[in-house]
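The values are calculated or read from the model by the stated rules, or taken from the named source; none is laboratory data. What you see is a predicted model; the values in this text were computed from it and never measured. A quick note on method: Cβ atoms are made from the backbone with ideal geometry, for glycine too, and the neighbour counts reach across all protein chains shown.
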Amino acid sequence: MSGKYRYKFTELCQSDMDEALDYISFHLHNPEAAEAMYFKIEKEITHITRSPYTRPDCQYYYISDPHYRRSIIGNHVMIFYVDDDSMEIRILRFLYGKMDISNINIEE
């Protein structure tokens, strides 16, 4: 994946994604859907690294800093931070969209 920004996942985000994909694959017995979700995540990251500010901010979750952005992928919300100085996207969390995200730790 190439874009103008580099990206990295936090440990929290990696854990979130592993749990979501495992849940879809094993609990829902739908490995094809888990694989499709994985490819949607990859595709969205490509878009984010090219133009992160086209994604909505996180004011909906009471985060007023405009560098925090979100992206909807299926039933999940990917929350990321845009660091313009280092040209890096920190992908912070990957959470089920119906959770009360406003009370969740976003960063490690």
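Filter region 65-108 down to residues that are outside any strand (DSSP E or B) and polar (S, T, N, Q) and give me whichever is modelled with the highest pLDDT. Filtering first and then ranking leaves 86.
Restricting region 60-87 to residues that are of a type in the set (S, T, N, Q) and under 19 Å from residue 100 (Cα atoms), the residue that is surrounded by the most Cβ atoms within 10 Å (Cβ to Cβ) is 71. Output the residues belonging to region 84-98 that are aliphatic (A, V, I, L, M) and within 13 Å of residue 16 (Cα to Cα). Passing the criteria: 91, 92, 95.
Okay, residues lined up against (1) under 17 Å from residue 10 (Cα atoms); (2) polar (S, T, N, Q):
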position: 32; (1), (2): no, no
position: 40; (1), (2): no, no
position: 47; (1), (2): no, no
position: 51; (1), (2): no, yes
position: 62; (1), (2): no, no
position: 67; (1), (2): yes, no
position: 84; (1), (2): no, no
position: 92; (1), (2): yes, no
position: 97; (1), (2): no, no
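Residues that are in contact with a Cys (Cβ under 8 Å, 6 or more places away or on another chain) and of a type in the set (Lys, Arg) within region 68-108 comprise 69, 70, 93, listed in sequence order.
Screening residue 44 against (1) over 11 Å from the mean Cα position of the chain (by Cα); (2) surrounded by 12 or more Cβ atoms within 10 Å (Cβ to Cβ); (3) acidic (Asp, Glu) leaves a single unmet condition, (1).
Quick check, is residue 25 assigned to a helix (DSSP H, G or I), free of Cβ contacts under 8 Å to residues at least 60 places away in the same chain and surrounded by fewer than 16 Cβ atoms within 10 Å (Cβ to Cβ)?
For residue 25, the condition - assigned to a helix (DSSP H, G or I), free of Cβ contacts under 8 Å to residues at least 60 places away in the same chain and surrounded by fewer than 16 Cβ atoms within 10 Å (Cβ to Cβ) - is not met.
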